[in-house]
Amino acid sequence: MNNTLSTSLNKSASSQTIRLPDFSGSHLAKRYASERRFRILGIASVGVAGIILLILLSSIVSKGYSAFWLHKVELNITFSAEVLNPDGSTLEEVKLKQANYLALIHNALKEKFPAAVGNRRKIRMLYGMIAPKADLVLRDMVLSNPSLIGTTKKVLLKLSDDWDSLSKGFINRDLPESDRRIKDLEINWHDQLQSEGHIHSVFNADFFTTGDSRNPEEAGIYSSLIGSILTLTVTLLISFPLGVMSAIYLEEFAPNNRFIDFIEININNLAAVPSVVFGVLGLAVFLNFFGLPRSAPLVGGLVLALMTLPTIIIAARSALKAVSPSIREAALSLGASPLQVVTHHVLPMAMPGILSGTIIGMAQALGETAPLLMIGMVAFIVDIPRTFTDPATVMSVQVYIWSDSPERAFVERTSAGIMVLLGFLVLMNAAAILLRKRFEFRW
């Protein structure tokens, strides 16, 4: 019986063919070729992404770098006492503030181009050379030094946006005169001033020190930059502690039941909700129900905090989960309480990942526009916000406003605003890297 059984097993084993892996040269060559193709495809994907990014950045920089420079014309301004003090009475600061400084500019222009005098059309074209509010420069000069009255001084004044575009080469001179905002006579005046060395290119410091304006040559990004800082401050102060504490509870202390599962599912869903939904929520709750001030960084920060909170919670939970369980077990074995384990050991080790997730969420909030449009932060704001309740706008909304303006000079300011926004994002990411290295534990 045993012999029969062993014979049958031997027959069945011999009938089955054992296939060993093919270690021949052709098989290895195919594997190596497949790995090379995969590596080449990966490198090509990274290269294509880099090329697209380079094209995008070069397009933005090529259109926006010129906004950091502007052109001024040098004029001989005669601070005539007959214009500034026509009644000959005692000079007072109030009277000097109300003097007609624009007439001084007009007189200098007519003195430079006397052929335009007497022709109303030419006079309007001549007066259009100088940017609006240029007379405020003369007013400030006289207020700081009243002894200028009765003297003649060379003064640099901003050119208007059309003349500045002509100086930068953005206006095609080959087009018919009817298709150009700058006429042939104005081009002749410009070329004469340029040949005489009266047109100068200077750094546009006003772009970083002034607020928005209807005139592109006067528009700056400073008010929106301050608004972004105030808004992100509110966002960080609300979303970071709430997000970290929520992550600690859900990851370390929450019981495993259906209610906690429901909370976790909704947190993950909130991270994918379109940002405009948070704007509608802010409009309904913070503005209509609580009556908070419209267009304020406080409201914008609250809306962005709601939008950023799920991202911070998810990132913080992942960072806490990545901490080795042996750290918890060792601390508990030495008599530490569960709260001490988290605050003294787990949280410090998870802090680099938490900070990285927080910075990513804040960078996303910095570039958001849709939720802020819903709460009125698209308003035209000239004054610099000083508190969290002052009317303000942010850089992303400022870029959106400028992109919708028809003037050619706003095109370069739109790209320049994007450059400043990207620079702000780079600084935030650099801060995240420094903080991550500062709190990183090395084993």
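Does at least one position in segment 358-371 carry a residue that is farther than 26 Å from Leu421 by Cβ and open to solvent by 60 Å² or more (accessible area, probe 1.4 Å)? So that I can check it myself, show each step before the final result.
First pass over segment 358-371, keeping only residues farther than 26 Å from Leu421 by Cβ: none.
The answer is no; no qualifying residue exists.
Mind counting the residues in segment 352-399 that are free of Cβ contacts under 8 Å to residues at least 24 places away in the same chain and acidic (Asp, Glu)?
0
Scan (1) open to solvent by 40 Å² or more (accessible area, probe 1.4 Å); (2) out of contact with any helix residue (DSSP H, G or I) (no Cβ under 6 Å at 6 or more places or on another chain); (3) modelled with pLDDT of 90 or more for the single condition Arg317 breaks and write down its number.
Checking Arg317 against (1) open to solvent by 40 Å² or more (accessible area, probe 1.4 Å); (2) out of contact with any helix residue (DSSP H, G or I) (no Cβ under 6 Å at 6 or more places or on another chain); (3) modelled with pLDDT of 90 or more, the one that fails is (2).
I'm trying to understand the selection: among the residues of segment 167-221, which are closer than 17 Å to Glu412 by Cα and of a type in the set (Val, Ile, Thr)? So that I can check it myself, show each step before the final result.
Just the residues of segment 167-221 that are closer than 17 Å to Glu412 by Cα, to begin with: 167-172, 201-208, 210-221.
Within segment 167-221, Ile171, Val202, Thr210, Ile221 meet the criteria.
So, in segment 410-425, exactly how many residues are among the small types (Gly, Ala, Ser), under 19 Å from Ile381 (Cα atoms) and over 8 Å from the mean Cα position of the chain (by Cα)?
Qualifying residue count, segment 410-425: 1.
Residues that are of a type in the set (A, V, I, L, M) and closer than 30 Å to Ile384 by Cβ, at least 3 per element: which helices (runs of 4 or more DSSP H) completely within segment 163-273 meet that?
In segment 163-273, the matching helices (runs of 4 or more DSSP H) lie at 222-248.
Would you check if there is a residue in segment 199-220 being among the hydroxyl-bearing types (Ser, Thr, Tyr), out of contact with any Lys or Arg (no Cβ under 8 Å at 6 or more places or on another chain), in the same structural domain as Tyr127 (by TED's automatic domain parsing) and open to solvent by less than 50 Å² (accessible area, probe 1.4 Å)?
no
So which of Ser246, Ser295 ends up being touching a Lys or Arg at 6+ places or on another chain (Cβ under 9 Å), in contact (Cβ under 8 Å) with a residue 40 or more places away in the chain and polar (S, T, N, Q)?
Residue meeting the stated conditions: Ser246.
Let me spell it out: the conditions are (1) outside any helix (DSSP H, G or I); (2) within 19 Å of Ile149 (Cα to Cα), and Lys72 meets all of them except one. Which number is the exception?
Condition (2) is where Lys72 drops out.
All but one of (1) surrounded by fewer than 17 Cβ atoms within 10 Å (Cβ to Cβ); (2) in a helix (DSSP H, G or I); (3) not acidic (Asp, Glu) hold for Leu287, so report the exception by its number.
(1)
For Val155, indicate whether it is among the hydrophobic types (A, V, I, L, M, F, W, C) and either closer than 20 Å to Leu84 by Cβ or buried (at least 19 other Cβ atoms within 10 Å of the Cβ) (or both). Give the steps one after another, and end with the answer.
Working: among the hydrophobic types (A, V, I, L, M, F, W, C): yes; either closer than 20 Å to Leu84 by Cβ or buried (at least 19 other Cβ atoms within 10 Å of the Cβ) (or both): yes.
So Val155 passes the test.
Taking segment 335-351 as the region of interest, how many residues are surrounded by fewer than 19 Cβ atoms within 10 Å (Cβ to Cβ), among the hydrophobic types (A, V, I, L, M, F, W, C) and in a helix (DSSP H, G or I)?
Qualifying residue count for the region: 2.
So which of Leu302, Leu292 ends up being under 18 Å from Leu237 (Cβ atoms), among the aliphatic types (A, V, I, L, M) and not in a helix (DSSP H, G or I)?
Leu292
Quick check on my filter: what residues within segment 63-86 are farther than 14 Å from Val420 by Cα and surrounded by fewer than 14 Cβ atoms within 10 Å (Cβ to Cβ)?
Asn76, Ala81, Glu82, Pro86
Would a scan of segment 103-116 turn up a residue that is closer than 20 Å to Leu159 by Cα, modelled with pLDDT of 90 or more and part of a loop (DSSP other than H, G, I, E, B)?
Checking segment 103-116: at least one residue is closer than 20 Å to Leu159 by Cα, modelled with pLDDT of 90 or more and part of a loop (DSSP other than H, G, I, E, B).
The values are calculated or read from the model by the stated rules, or taken from the named source; none is laboratory data. What you are looking at is a predicted structure, and each value in this text was computed from that prediction instead of being measured. As a convention, Cβ positions derive from the backbone with ideal geometry for all residues, glycine included, and neighbour counts pool all protein chains shown. Heavy atoms of the whole protein, side chains included, go into the accessibility calculation; ligands, DNA and RNA do not. Shrake-Rupley method; radii C 1.70, N 1.55, O 1.52, S 1.80 Å.
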